[in-house]
Every structure is written in C-alpha cells, then in structure tokens.
Amino acid sequence: MSSDSTSQVLLVNDIAWLLIHTETSRECLLEPGGMGKTSVALAIMVSRTIQERFESTNRFWISRVEAPSPSPLLGILYSHLRRNAKAPLDDITYELEASEDPRIL
C-alpha cells in the first residue's frame, strides 16, 4: 500500500470516527480542485464505521454536480425525506430535528 493510500485510509477512518462520536458533527473537506475530496467523502460514506451507524435509508450522497447551489440541494433533500408541504426548508429542518435516528448527508 502506498503512503498516499495509507494516508487516505487514516483520514477516512478519522473523519468517520468524528462523525459518529460527536453529538452534532459537521465535517468540511477543503482543498483545491483535484486533491481527492470527493474520493475521500465517498470512501467515508461506504466505510464500515458509517454503514454500521447509519441505516441505509438515512445515508444520503448528493454530489456538487447534482446540487451546485442551495435551491437544488433543498429539492433533493426534500424528495429524500418524502415530506409534502409548501415550505421545503421548514420541512427538512423539522424532519431532521424530529428524527431519533442519526442521518448522514
């Protein structure tokens, strides 16, 4: 295994641990384009740690291509949460706060 591969595995494991051991965790990957942020994020989503903690119906992967701005992001979240009212942001917030099950986006 190369040093880069080992570093990515360690990074994935560290971030996955933070996501499941922090009450309200938010992690942000900031690097220039082409540095592997998407690869790391996808590896986190499919990691055993995340799969064991979050039910498959509570794991959401939304790419930046699908949601390049807040409006499409809200629409995608709205459809995943299957809420049906006239205020998507309020519905999304309500659903996430009311849920006793952890979710990862």
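Exactly one of these conditions fails for Ser79: (1) closer than 18 Å to Arg103 by Cα; (2) small (Gly, Ala, Ser); (3) surrounded by 15 or more Cβ atoms within 10 Å (Cβ to Cβ). Give me its number. Answer for Ser79: the failing condition is (3).
Of all residues in the stretch 47-64, none satisfies being more than 19 Å from Asp101 (Cβ to Cβ) and surrounded by 13 or more Cβ atoms within 10 Å (Cβ to Cβ).
Would you check if Asn58 is at pLDDT below 85, of a type outside the set (Ser, Thr, Tyr) and touching a strand residue (DSSP E or B) at 6+ places or on another chain (Cβ under 9 Å)?
The answer is yes for Asn58.
The values are calculated or read from the model by the stated rules, or taken from the named source; none is laboratory data. Because the structure is predicted, anything quoted here is derived from the model rather than measured. Every residue, glycine as well, gets a Cβ built from its backbone with ideal geometry; the counts of neighbours run over all protein chains shown.
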